[in-house]
Amino acid sequence: KQEVTQIPAALSVPEGENLVLNCSFTDSAIYNLQWFRQDPGKGLTSLLLIQSSQREQTSGRLNASLDKSSGRSTLYIAASQPGDSATYLCAVNRGNRLAFGKGNQVVVIP
Amino acid sequence: GAVVSQHPSWVICKSGTSVKIECRSLDFQATTMFWYRQFPKQSLMLMATSNEGSKATYEQGVEKDKFLINHASLTLSTLTVTSAHPEDSSFYICSARSLAGAIGNEQFFGPGTRLTVL
């Protein structure tokens, strides 16, 4: 069974600081890994999807890396803003199912 | 593109009643749809996978007679919570994978439905 762990569970940073969110998974046989953003009481917004053959993906201030062999992914958010406050979920795709972590709850302090 | 909608966005019902939640792919055809449940401060847990025209596959521990899933067309799947009880109160989210999508391809998520059972 695929286990997905996200560390830290929660963090607060001052505005402007870079964010580093970690995701680890136990089974490296994956199709892809995806990072989502979830605001309170809302659905999921897809941020980045990294295929298993890729090492990283970038979109604006967001960069996600993938090290499949060690079972790790990291989401970097540069120059954080208060609007980045949300829960960030990592999900690993093993074919017909996604396995989610519990999320990194982020608060960016103005 | 790749928009998935859910209806209703929230529902409050009395214990013992049944509630139906719809999941629609608006601009693509989805052969496979997935239903997830999320409790507060917890991760999304897959409940079942449904393929158009066939019976849903339920995850271990999910009661198929309580959570009825119908995937009658390539753009619509429904989840009916039968005889709902307070412990069924949760956030239900669906996702869809396109007709042209390979098994490992991306799922597109709906906005979720908040169910509260009194």
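Where a number appears in this text, it was derived from the coordinates with a stated rule and is not lab data. Just so we're clear, the structure is a prediction, and the values are computed from it rather than from any experiment. Methodologically, a virtual Cβ is constructed for each residue, glycine included, from the backbone with ideal geometry; neighbour enumeration extends over all protein chains shown.
Observations on the structure shown:
- Between A:Ser59 and B:Trp10, the modelled labels are 2.7 nm apart [label points 7 Å from Cα along Cα→Cβ].
- GluC sites (Glu not before Pro) restricted to DSSP loop in the range B:32-77 with at most 16 other C-beta within 10 Å: B:Glu59, B:Glu63
- Among the trypsin sites (Lys or Arg not before Pro) in the range B:32-93, those located in a DSSP loop and surrounded by at most 15 other Cβ atoms within 10 Å of their own Cβ are B:Lys41, B:Lys55, B:Lys64, B:Lys66.
- The separation of the range A:76-110 from the range B:67-85, counted between C-alpha centres, amounts to 29 Å.
- Judged by a Cβ-Cβ distance under 4.7 Å, the unpaired cysteines of chain B are B:Cys13.
- Those trypsin sites (Lys or Arg not before Pro) in the range A:34-110 that DSSP places in a loop and that have at most 12 other beta carbons within 10 Å: A:Arg55
- Tail fraction, Cα-Cα pairs, the protein assembly as shown, threshold 28 Å, whole percent: 31
- Pairs of Lys residues in chain B, spaced 8 or more positions apart or belonging to different chains, with C-alpha separations under 20 angstrom: 6 in total.
- Take the Cβ atoms of A:Asp27 and B:Lys41, set R0 to 22 Å, and the FRET efficiency comes out at 0.35.
- Within straight-line reach of A:Lys68, meaning a Cα separation under 18 Å, sit the following lysines at least 8 residues removed in sequence or on another chain: A:Lys1.
- Across the options A:Gln105, A:Ala79, A:Gln54, the greatest Cα extent toward the positive end of the charge dipole of the range A:49-110 (unit charges at beta carbon of Lys, Arg, Asp, Glu) belongs to A:Gln54.
- Each Cα pair under 8 Å and six or more residues apart adds its sequence gap; the mean of these over the residue count of chain A is a relative contact order of 37 percent.
- Charged-residue dipole, Cβ positions (Lys, Arg, Asp, Glu), the range A:1-83 about Cα centre, Debye nearest 20: 160
- Each residue, A:Tyr76 and B:Thr57, gets one label point 7 Å from its Cα in the Cβ direction; the gap between the two is 3.8 nm.
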